[in-house]
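J.: Sharing a structure below in structure tokens format, with a few things to ask.
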Amino acid sequence: MFLRHLFQRSLTRKHAVALGVLIPVLAAGGGQSAIAQENLCSTPAMARLQQHSVAAGETLDSIANRYGLTAATLKGFNAATRGGSVTPGQTLSIPPYNGIQVNANGRTWEDLSAQYKVRPDVLFEVNGCPTQPTTAFIPGIKWVPGIETATVVADADPKPIQNAAALSGYPLRQSSALLSHYGWQLNPIVDRVVFHGGIDIAASLGDAVLSLGSGTVAYAAEQGEYGNLVVVNHANGLQSRYGQLKTIQVSAGQTVDRTTVLGTVGQTGIPSAEAPHLHFEMRLNSALGWVAQDPMPFLSERVGLSD
């Protein structure tokens, strides 16, 4: 098992629910790229704080510029700087992105999303994929109590792909029923809403799994509760993932296209009570990592949620 439990699934395939996760890719886009295998879910932003010792001659603005942040962000994480000045030898906490830390106070990711105008799945993933937040890092919010600004950094909330037709195929030889959809949905076993980072498509054991389009295989091996997993990097910062495979028939670094058989449908990495199916995801490379996208606009065939 990896450092975080990546999936929460019911025993019935209709309600199978997988938690969305970030896979950090060391070299995004074209060429050979590798996936960090030690942890599929992103390290929480609050676990990535750096400590900076203020040197003579440094100012709050110069320190913020050094780390690609705003002075308002540093003020939010360092109360002693609220007056706008720093002193040599002072130690500052430096977050990985612009943003603030808030107490959830019983609020869900959806509640926090509505308040701060950041997609709930982005909040979920940048905080390390906890189902229920206690404290949360809100990325992109340039806001500190008493500071007159409340703007959102554009790339902190990746927008759905508008030109999905540029990469449009189907991961099986024929269209099939959709067993589980993308997004937030109720897990009946734990009786709470969790995030499913892709879709589950009905298929028979051993069916061929095809690449959605041209690209380079970034990963092809077993990966926790993804089971046997193939990840393909495509142009324009897009990535497709094919999980729970029985066999893998490609290797990392290999160039593929729509005719390439990546592997076969299986039941790996999931409870044995579940029927064979393909777990399929689409991701967009953003400032916060590979953020989940709704796969449906990318499919050239229509699939429908089964009864």
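J.: Within region 37-73, restricting attention to residues that are of a type in the set (D, E, K, R) and closer than 30 Å to A292 by Cβ, which residue is modelled with the lowest pLDDT?
T.: The qualifying residue modelled with the lowest pLDDT is E38.
J.: Hey, which of the strands (runs of 3 or more DSSP E) in region 192-246, taking only ones fully inside, have at least 1 residues that are buried (at least 23 other Cβ atoms within 10 Å of the Cβ) and over 15 Å from the mean Cα position of the chain (by Cα)?
T.: 199-202, 208-210, 215-222, 228-233
J.: Do any strands (runs of 3 or more DSSP E) lying entirely in region 47-133 carry at least 2 residues that are in contact with a helix residue (DSSP H, G or I) (Cβ under 8 Å, 6 or more places away or on another chain), and which ones are they?
T.: Output list reads 91-94, 99-103.
J.: State all residues of region 126-135 that are in contact with a Leu (Cβ under 7 Å, 6 or more places away or on another chain) and at pLDDT below 80; if no residue qualifies, say none.
T.: C129
J.: Filtering region 74-90 down to residues that are of a type in the set (S, T, N, Q) and surrounded by 13 or more Cβ atoms within 10 Å (Cβ to Cβ), which residue is modelled with the highest pLDDT?
T.: Result: Q90.
J.: Please go through region 221-261 and give me each residue that is farther than 22 Å from L299 by Cα and among the small types (G, A, S), ordered by number.
T.: Listed by number, the residues that qualify are A221, G224, G227, S251, A252, G253.
The values are calculated or read from the model by the stated rules, or taken from the named source; none is laboratory data. For clarity, every value in this text was computed on a predicted model and none was experimentally measured. No Cβ is skipped: glycine too gets one built from the backbone with ideal geometry, and neighbour counts run over all protein chains shown.
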